[in-house]
Amino acid sequence: MAARKKRLTRAQRDLSRKVKGSNNRAKARVRVAREHSKVRNARLDFHHQLSTRLIRENQAVAVEKLSVAGLARSGSKNAQGRGLRRGVSDAGWGQFLTQLAGKAQEHGRDYAPVDPYWTSQTCGVCGVLDGPKTLNIRVWDCTGCGAHLDRDWNAAVNILVAAWAA
């Protein structure tokens with residue numbers, strides 16, 4: 001995917017240097033469109049393969065109902081935030097979740113979208129809401145029961161519990 005992205009960037013750079021209305025610009029536009037198509041097809045192929053594998057290997061799939069459009073707008077307004085926004089857009093999360101839901105229905109599997117609120121802040125052991133944490137805190141100790149929790153693992157447990165409750 002990185003090589004395709006690099007070729008697309010190069011083609012766009014070449015297009016920007018062409019004189020408007022020239023035949024070479026028309027050729028460069030076609031080249032950019034072809035590269036965009038290849039990137040899109042590679043992403044779609046990956047989404048189809050991954051969603052099919054996940055649905056075939058599991059009887060139930062629980063995911064967070066993420067606001068993908070909000071994630072694509074969020075983050076700081078500097079280079080780091082731009083990288084986050086570009087990463088969310090390039091990954092095509094919304095498209096992947098749509099395919100996952102469709103394939104779950106097609107194969108008769110359970111698909112449970114879960115509200116993402118407080119999944120990484122609630123203790124998966126005792127249920128205490130421990131409050132907001134910055135993203136650099138990857139491991140934390142619960143104030144209620146003292147459990148030592150990995151942020152992502154704890155969120156996955158809370159998503160699973162919420163999916164079963166639903």
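The peptide list 105-116, 76-87, put in order of mean Cβ contacts within 10 Å with the highest first, becomes 105-116, 76-87. Across region 120-135, computed HN-Hα scalar couplings (Karplus, 6.51 cos²θ - 1.76 cosθ + 1.60, θ = phi - 60°) run 8, 9, 8, 6, x, 8, 10, x, 6, 7, 8, x, x, 9, 6, 5 Hz from first to last residue, x flagging Gly and Pro.
Excluding same-chain neighbours fewer than eight residues apart, the lysines reachable from Lys133 by a Cα-Cα span under 27 Å are Lys65, Lys77. The lysines within cross-link reach of Lys20, meaning a Cα-to-Cα straight distance under 28 Å and a gap of 8 or more places when in the same chain, are Lys5, Lys6, Lys38. In a DSSP loop and with at most 13 other Cβ atoms within 10 Å, the trypsin sites (Lys or Arg not before Pro) in region 121-166 are Lys133, Arg138.
Electrostatic bookkeeping for Thr52 treats Lys and Arg as +1 and Asp and Glu as -1; over the other residues with beta carbon under 13 Å from its beta carbon, the sum is +1. Relative to the longest principal axis of the Cα atoms of the chain, helix 2-16 runs at roughly 40 degrees.
Among 155-162, 14-21, sorting by the average number of other beta carbon atoms lying within 10 angstrom of each residue, highest first, gives 155-162, 14-21. For the chain, the longest principal axis of the Cα atoms and the long axis of helix 93-107 meet at an angle of about 70 degrees.
Placing +1 on each Lys and Arg Cβ and -1 on each Asp and Glu Cβ, with no other charges, gives region 1-54 a dipole about its Cα centre of roughly 320 debye. Only one of (i) 1.37; (ii) 1.09; (iii) 2.04 was calculated from the structure for Cα Rg over 2.2 N^0.38 Å, and its label is (i).
We did not get these values from a lab; they are worked out from the coordinates using the rules stated. Fair warning: this is a prediction, and the values are worked out from it, not measured in the lab. Ideal geometry is used to build each Cβ from the backbone, glycine not excepted, and the neighbour counts take in all protein chains shown.
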